[in-house]
Amino acid sequence: MGASYQTAVSQQGAAFSAFYLRAEPDGKWHFQLLQNINVANYTISGPVSSVGAVAGTWVHVVGVYDAAAMEGRIYVDGALSGTASVPGVAPSGPLVMGAAWSGSMWNDRLTGDIDDVWLWERPLTATEVSQLFTTGH
């Protein structure tokens, strides 16, 4: 999707977003979760999709954070596409579509369309994500 960061969904923190679900210059989808977002030396971890982000193509992307398992998962078109160990993350703040909060300013704006954003207060299972994709949600 080009040489820029394209953020679909993020959650605003004080100075940085608590998480980013976005396409990155490497051409993959990333679900990045930040720890210690209110200090200068934060850390980022999260899964990267095994499939590429294709410009001009609708895609169903789901990021799941499982705090009990300390794991992040990314699904593309209903299939698990990447996992990563993620230490404790405590996101809070407003949900943002189409941009990321970084250095106390809006960055990484999406040049595209977003449709049908859903949130849960628990980690979804692989079966649930697959059903969402199959039913068009």
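What the table below lists for this structure:
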quantity	calculated
Amide H within-cut-off set for residue 99, under 5 Å, with H built and near neighbours excluded	10, 110
Along the chain, longest interval not containing exposed chymotrypsin sites (Phe, Trp or Tyr not before Pro), exposed being DSSP loop plus at most 14 other Cβ atoms within 10 Å	59-117
Table column - 3J(HN,Hα) (Hz), segment 54-64, Karplus curve with 6.51, -1.76, 1.60, x for Gly and Pro	10, 4, x, 10, 5, 9, 9, 10, 10, x, 10
Formal net charge of residues neighbouring residue 133 (Cβ-Cβ distance under 13 Å; K, R +1; D, E -1)	-3
Correct choice for P(r) over Cα pairs in 10 Å bins from 0, in percent that was computed from the model, options (1) 13, 45, 36, 5, 0; (2) 10, 33, 29, 17, 8, 2; (3) 11, 36, 26, 13, 10, 4, 0	(1)
Cα-centre dipole for the chain with unit charges at Cβ (Lys and Arg positive, Asp and Glu negative), debye to 20	220
Using θ = phi - 60° and Karplus 6.51 cos²θ - 1.76 cosθ + 1.60, couplings along segment 94-106 (whole Hz; Gly, Pro as x)	x, 7, 10, 10, x, 6, 10, 9, 8, x, 6, 8, 7
For residue 28, residues with placed amide H under 5 Å, excluding near neighbours	53
Placed amide H near residue 60: partners under 5 Å, 5+ positions off or other chain	77
In segment 51-137, the GluC sites (Glu not before Pro) that fall in loop regions by DSSP, at most 15 other Cβ within 10 Å	121
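All of the numbers you see were taken from the coordinates with simple rules; none came from a lab. Being a predicted model, the structure only gives us computed values, none of them experimental. So basically every Cβ, Gly included, is an ideal-geometry build from the backbone, and we count neighbours across all protein chains shown.
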